[in-house]
Amino acid sequence: MSGRSVVAALTPSVLPGLRASEPEPLQIYAGLIKPESMAGEKRCLAEAIYFEARSEGEDGRAAVAQVVLNRVKSGKYPGSVCGVVYQNRHRKLACQFSFACEGKSLRVTEPEPWEAAERIAGDVYEGRIYLAEVGASTHYHADYVRPHWARKLKKMDVIGRHVFYS
């Protein structure tokens, strides 16, 4: 992992890039997932990481997970990870994450990237990885597209091939 990520277990009470009034990474997503739904929700988070960003570095994959969790937390999107990841999946080109509705197979075919996606999903949810540069971003897009909504949001960071916004 590059030096861009903040690893919560090693951080002081106020992290560089975070305002003092913001919670520490360990507290940001705590309680977001109901214990009885944890396995399924973490799988959906790992699927988002795997299908959206498996070719990215670890920071890029963690940033995608952070966006998904930020959406769940925001109250403006479905209240579950699977709900956010697969929102509008049955409406062609109307889903929130392109992999969910572009008609391609959603089979995991690469074991190593899948294992990394599962690990990163847990690390982001549990606060061991938090990217202050991505912060509370709820949107991102690939750097080769120009979505209409991007100019209405605050650009937070570029990681790999993705541009993140809040």
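Just one of the listed residues (93, 15, 32) is loosely packed, with under 13 Cβ neighbours inside 10 Å and either among the β-branched types (Val, Ile, Thr) or at pLDDT below 95 (or both), namely 93.
All of 145, 163 fail the test of being in a loop (DSSP other than H, G, I, E, B), without any contact (Cβ under 8 Å) to a residue 40 or more places away in the chain and either open to solvent by less than 80 Å² (accessible area, probe 1.4 Å) or more than 24 Å from residue 40 (Cβ to Cβ) (or both), apart from 145.
Considering the conditions (1) under 20 Å from residue 41 (Cβ atoms); (2) open to solvent by 80 Å² or more (accessible area, probe 1.4 Å), residue 155 is excluded by exactly one of them, (1). Per the listing 83, 79, 122, 75, the residue uniquely at positive phi and either of a type in the set (Gly, Ala, Ser) or modelled with pLDDT of 95 or more (or both) is 75. Here the condition is being at positive phi and in contact with a strand residue (DSSP E or B) (Cβ under 7 Å, 6 or more places away or on another chain); of 135, 160, it holds for 135 alone. For residue 134, the requirement of being assigned to a loop (DSSP other than H, G, I, E, B) and at pLDDT 95 or above is met. Residues of the range 35-69 that are open to solvent by 20 Å² or more (accessible area, probe 1.4 Å), hydroxyl-bearing (Ser, Thr, Tyr) and assigned to a helix (DSSP H, G or I): 37 alone. Of the residues making up the range 97-116, not a single one is open to solvent by 80 Å² or more (accessible area, probe 1.4 Å), in contact with a strand residue (DSSP E or B) (Cβ under 8 Å, 6 or more places away or on another chain) and either in a strand (DSSP E or B) or closer than 28 Å to residue 40 by Cβ (or both).
Scan the range 26-48 residue by residue and report those that are touching a residue at least 12 places away in the same chain (Cβ under 8 Å) and either in contact with a strand residue (DSSP E or B) (Cβ under 7 Å, 6 or more places away or on another chain) or among the hydrophobic types (A, V, I, L, M, F, W, C) (or both). Result: 26, 28, 30, 32, 33, 44, 45, 46, 48. Looking at the range 57-84, I want the residues that are within 20 Å of residue 39 (Cα to Cα) and without any contact (Cβ under 8 Å) to a residue 12 or more places away in the chain and have a partner that is open to solvent by 10 Å² or more (accessible area, probe 1.4 Å) and outside any helix (DSSP H, G or I) with Cβ atoms under 7 Å, at least 6 apart or on another chain. Which pairs are those? Short answer, once both residue conditions are applied: 78/87.
Return yes or no: is residue 21 farther than 15 Å from residue 131 by Cβ, among the small types (Gly, Ala, Ser) and either touching a helix residue (DSSP H, G or I) at 6+ places or on another chain (Cβ under 6 Å) or modelled with pLDDT under 95 (or both)? Yes.
The values are calculated or read from the model by the stated rules, or taken from the named source; none is laboratory data. Predicted model, so just to flag it, every value in this text is computed and none were measured. So basically every Cβ, Gly included, is an ideal-geometry build from the backbone, and we count neighbours across all protein chains shown. Ligands, DNA and RNA are excluded from the accessible area calculation, which covers all protein heavy atoms including side chains. Shrake-Rupley method; radii C 1.70, N 1.55, O 1.52, S 1.80 Å.
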